[in-house]
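Novice: What follows is a single structure, and I will ask about it in a moment.
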Amino acid sequence: MLTAVDVKNTKFTKKMGGYKAEEVDAFMELAASTLNEISQENYTLKKQVDELSQRVEEYTKMEQVLKESIVVAKMTADDIKENSQKEAEIIVKEAELNAKALLDEKQQEIYKLENNYEKLKQEVEIYKTKIKTVIENQLKMMSEETF
């Protein structure tokens, strides 16, 4: 690669009827200066490219981490949703079982109350019959006896 120093240090042999040495030297100085500026600019641009490449690499890594985070978040959300649905099903089943147990208990109570009611009705009838018999016997005795 040709450098500014190479251009400055280049010497040409002199010949008769050749170019003016001052013009050649001035052009060589201009070429060396321009080459030096281009070389510095090239170095600066390479440095910027390296820095930008590093940043792109960092952003690529960040993007990958974000993608993975999104996948994990989605999986977690799906797990939470699934667990919530299972929990809701369990709660509903428990509520249904509790309601059935309560209903069974109340039906047992109703059955017992109905049986007690029937027994009480029978007892009332028995007492009525006994009282009626006692009253009839008393009336009969009263009618047989004379006062």
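Novice: List the residue pairs whose Cβ atoms are under 8 Å apart, where the first residue sits in region 38-50 and is in contact (Cβ under 8 Å) with a residue 24 or more places away in the chain, the second is surrounded by 10 or more Cβ atoms within 10 Å (Cβ to Cβ) and in a helix (DSSP H, G or I), and the two are 6 or more positions apart or on different chains.
Specialist: As it stands, the answer is 39/4, since those pairs meet every condition given.
Novice: Here is a follow-up. Answer yes or no as to whether residue 34 is β-branched (Val, Ile, Thr), modelled with pLDDT of 95 or more, surrounded by 10 or more Cβ atoms within 10 Å (Cβ to Cβ) and part of a helix (DSSP H, G or I).
Specialist: Numbers: β-branched (Val, Ile, Thr): yes; modelled with pLDDT of 95 or more: no; surrounded by 10 or more Cβ atoms within 10 Å (Cβ to Cβ): yes; part of a helix (DSSP H, G or I): yes.
Judged against the criteria, residue 34 is not a match.
Novice: When you go through 3, 60 one by one, which is the residue that is modelled with pLDDT of 95 or more and surrounded by 10 or more Cβ atoms within 10 Å (Cβ to Cβ)? If you could, list the steps in order and put the result at the bottom.
Specialist: Values: 3 fails: modelled with pLDDT of 95 or more.
When all the criteria are applied, what remains is 60.
Novice: So how many residues does region 1-24 have that are not in a helix (DSSP H, G or I) and not hydrophobic (A, V, I, L, M, F, W, C)? Break it down into steps so the answer makes sense when it comes.
Specialist: Start the filter on region 1-24 by keeping residues that are not in a helix (DSSP H, G or I), which leaves 1-3, 10-20.
Among the residues that remain, those that are also not hydrophobic (A, V, I, L, M, F, W, C) are: 3, 10-11, 13-15, 17-20.
Residues flagged as not in a helix (DSSP H, G or I) and not hydrophobic (A, V, I, L, M, F, W, C) within region 1-24 amount to 10.
Conditions (1) within 30 Å of residue 8 (Cα to Cα); (2) assigned to a helix (DSSP H, G or I); (3) more than 14 Å from the chain's Cα centre (by Cα), marked per residue:
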residue: 38; (1), (2), (3): yes, yes, yes
residue: 42; (1), (2), (3): yes, yes, yes
residue: 51; (1), (2), (3): no, yes, yes
residue: 56; (1), (2), (3): no, yes, yes
residue: 62; (1), (2), (3): no, yes, yes
residue: 65; (1), (2), (3): no, yes, yes
residue: 69; (1), (2), (3): no, yes, no
residue: 79; (1), (2), (3): no, yes, no
residue: 90; (1), (2), (3): no, yes, yes
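Novice: Checking the structure you have, find out if any residue of region 120-142 is surrounded by 10 or more Cβ atoms within 10 Å (Cβ to Cβ) and either within 60 Å of the chain's Cα centre (by Cα) or not in a helix (DSSP H, G or I) (or both).
Specialist: In the first step, residues of region 120-142 are kept if they are surrounded by 10 or more Cβ atoms within 10 Å (Cβ to Cβ); the result is 120-140, 142.
Retained after the next criterion (residues that are either within 60 Å of the chain's Cα centre (by Cα) or not in a helix (DSSP H, G or I) (or both)): none.
Scanning region 120-142 turns up no residue that is surrounded by 10 or more Cβ atoms within 10 Å (Cβ to Cβ) and either within 60 Å of the chain's Cα centre (by Cα) or not in a helix (DSSP H, G or I) (or both).
The values are calculated or read from the model by the stated rules, or taken from the named source; none is laboratory data. On a predicted model such as this, the values are computed, not experimentally measured, just so you know. Cβ atoms come from the backbone with ideal geometry, glycine included; neighbour counts cover every protein chain shown.
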